[in-house]
Amino acid sequence: MSSFVRSFRVSLVVVALGLAAAPGRAMAQSAVEPNTVTVTPFLSSVFGTSADLGGSLGIGVAVTYDVTTRLGFEGEIGHAFDVLGDNANVDLGVTNVSANGVYNFPLPRVTPYATFGIGVERSGVHVKTPDPTALYLPTSTEVSYNFGGGVKYPVSERFIVRGDVRRFQANDLAPDYWRVYGGVSWWIKR
């Protein structure tokens, strides 16, 4: 599983670099306009977990409202399927719901951004064959925060390709981790 996660991360980086370097009709268009909403479904990869647990694939969706060309607000839900990685008997899924501020740095071809947010992280252990003598982490719901950044690149009048790297920190039992994701945003303009 870990080699698959590594190859997924490499694929995300290659696609992002290829899109950033490829010329296109939308390259002069900014990826951020005031009073617009973007909806971004994404695929993600989790790595660098606390206690070196392992990596995981994940999915999620983000909805962003850009107040100005520089400032936006985002609601996001993401789920990593199994941050224990190579343990075939135990899965540790993590779901994070957060509200984030997004600060954009509009440039002619791409829009880099920084983000910071706070939310709730829920982690739960699923044991396929329980060992009666083993101790397992209980299900946990905790306050968490995240920080990171990424790049938005418009590919048409209605779609933006987006790549993002964030660190998620929880306050107690839930694992801390890095997440990289790639998604295609649907741009809803007025």
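Values quoted throughout were computed directly from the atomic coordinates according to the rules given, and no laboratory measurement underlies them. Because the structure is a prediction, the values reported are computed rather than measured. With ideal geometry, Cβ positions are generated from the backbone for all residues, glycine too; neighbour counts draw on all protein chains shown.
Rounded to the nearest 0.05, what FRET efficiency is calculated for Val97 and Val165 with R0 set to 22 Å and r the Cβ-Cβ distance? Kindly include the intermediate steps, with their values, before the conclusion.
On the way: r = 19 Å, r/R0 = 0.87.
So, using R0 = 22 Å, E works out to roughly 0.70.
Got a sec to turn the phi values of the range 36-45 into Karplus ³J(HN,Hα) couplings, 6.51 cos²θ - 1.76 cosθ + 1.60 with θ = phi - 60°, whole Hz, x for Gly and Pro?
Here the 3J(HN,Hα) series is 10, 10, 10, 10, 10, x, 9, 10, 9, 9 Hz.
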